[in-house]
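What follows is one structure encoded as structure tokens, with my remarks underneath.
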Amino acid sequence: MKLVDFVKEEIAVIRERDPAIKSNAEVLLYPCFHAILWYKVAHKLYNREHFFLARWISQRTARRTGIEIHPGAVIGKGLFIDHGTGVVIGETCIIGENVTLYQGVTLGGTGKEQGKRHPTIGNNVMISAGAKVLGSFKVGDNSKIGAGSVVVKPVPPNSTVVGVPGQVVKRNNVRLPQSDLDQIHIPNPVSNDINLLKQENDELRWILRTLLNEGSEPEEQERARRSLMQESRMNNWEYGTDGDGI
Ligand SMILES: CC(C)(COP(=O)(O)OP(=O)(O)OC[C@H]1O[C@@H](n2cnc3c(N)ncnc32)[C@H](O)[C@@H]1OP(=O)(O)O)[C@@H](O)C(=O)NCCC(=O)NCCS
């Protein structure tokens, strides 16, 4: 694509999606204009295996614009990155057409995958400010990711995803039941671990006591079990770990 065509396309994209723009010349002030222009150069070099030069351009552009696009990423037409600061697009990311990203978006990996490690973003997707999309899954066409969400699972087309971890709250513009979206009464992992340890400890004491009492009358075994439970309750009270105490 010629530079003139690129500039025309960018003007159309930015005027369509940012009501704040007042004149075509302002397009030159948008960090995304420079980031995408230099990405195109770097991507060509990357495809020709000039990896160092490609990365050099990408890193230089990242320092100037705040938008880090790995030259290996594959980006479709009509990408708009509003504001831009803190946007990161990983090497194996594939971005469809007419995608909008806001500041602080990461299209990254989880560190657990090899090869294709970054997400595939469908057409007409909007990823709001600060959202993180992590892993090599697909975000379906026409979906929206809410600000501050952390998405770690595939997103079906036409969905709205919000929260940490991201949950689909709307599909085809219809609200889904939100029973599992309570982000206030989240389980306390430390308390859960302690309760699990206590339960295992009780079981071990019970086995020990049973082994010690082996061969004795059942009533005696029952008495031993009761005394064991009594001890366990005393421990809970002493350490204040009963119920929601932690
Ligand atoms: C997600 C978003 C795109 C709205 O999409 P939508 O499909 O119109 O969804 P709705 O507004 O109907 O919201 C659906 C539900 O998600 C909740 N929700 C919306 N955005 C949310 C967010 N970022 N985090 C948590 N919950 C959110 C809403 O409160 C609503 O809950 P309810 O059904 O209990 O009322 C929008 O809320 C958002 O996050 N926009 C940010 C855009 C942005 O980054 N702007 C930066 C400009 S500089």
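Rule-based calculations on the coordinates, nothing more; no lab input. The structure displayed is predicted, hence computed values, not measured ones. Positions of Cβ are backbone-derived with ideal geometry, glycine not excepted, and every protein chain shown enters the neighbour counts.
Annotations for the structure displayed:
- Principal-axis tilt of helix 218-239 within the chain, Cα atoms, nearest 10 degrees: 50 degrees
- Helix 3-17 and the long axis of the chain differ in direction by around 50°, with both axes built from C-alpha atoms.
- Gain upon complete extension [E231, W206; 0.36 nm per residue less C-alpha separation]: 7.9 nm
- Candidates V87, Y39, H70 compared by Cα position along the dipole of the chain: farthest toward the positive end lies Y39, with charges placed on Cβ.
- Computed from backbone phi with θ = phi - 60° and the Karplus coefficients 6.51, -1.76 and 1.60, the 3J(HN,Hα) list for the range 96-113 is x, 8, 6, 8, 10, 10, 10, 4, x, 7, 10, 10, x, x, 8, x, 9, 10 Hz; x is used for glycine and proline.
- Shown for K198, K112: other C-beta atoms within 10 Å of each C-beta, ranked fewest to most, produce the order K112, K198.
- Proxy reagent accessibility, fewest Cβ within 10 Å first, across D5, D141: D5, D141
- Extension gain from S191 to F6, taking 0.36 nm per residue of separation minus the Cα-Cα distance: 61.0 nm
- Within the chain, helix-based [θ] at 222 nm, where runs of 4 or more DSSP H residues each add -39,500 (n - 2.57), nearest 500: -13000 deg cm²/dmol
- Mean-position separation - Cα centroids, the range 201-217 and the range 1-48, in angstrom: 74 Å
- For the pair K198 and E16, a Förster radius of 41 Å applied to the C-beta separation gives a FRET efficiency near 0.10, rounded to the nearest 0.05.
- Taken one residue at a time, the phi angles of the range 139-151 give Karplus couplings (6.51, -1.76, 1.60, θ = phi - 60°) of 9, x, 3, 6, 8, 10, 10, x, 4, x, 6, 10, 9 Hz. Gly and Pro are set to x.
- For Q167, distant residues with modelled amide H under 5 Å away: V162
- 19 Å Cα-Cα reach of K40 towards aspartates and glutamates, excluding residues that sit fewer than 8 places from it in its own chain: D5, E9, E10, E49, E68, D82, E91, E97
- Taking 24 Å as the limit for the C-alpha separation, the pairs K77/K170; K8/K170; K112/K170; K77/K144; K153/K198 exceed it in the case of K77/K170; K8/K170; K112/K170; K153/K198.
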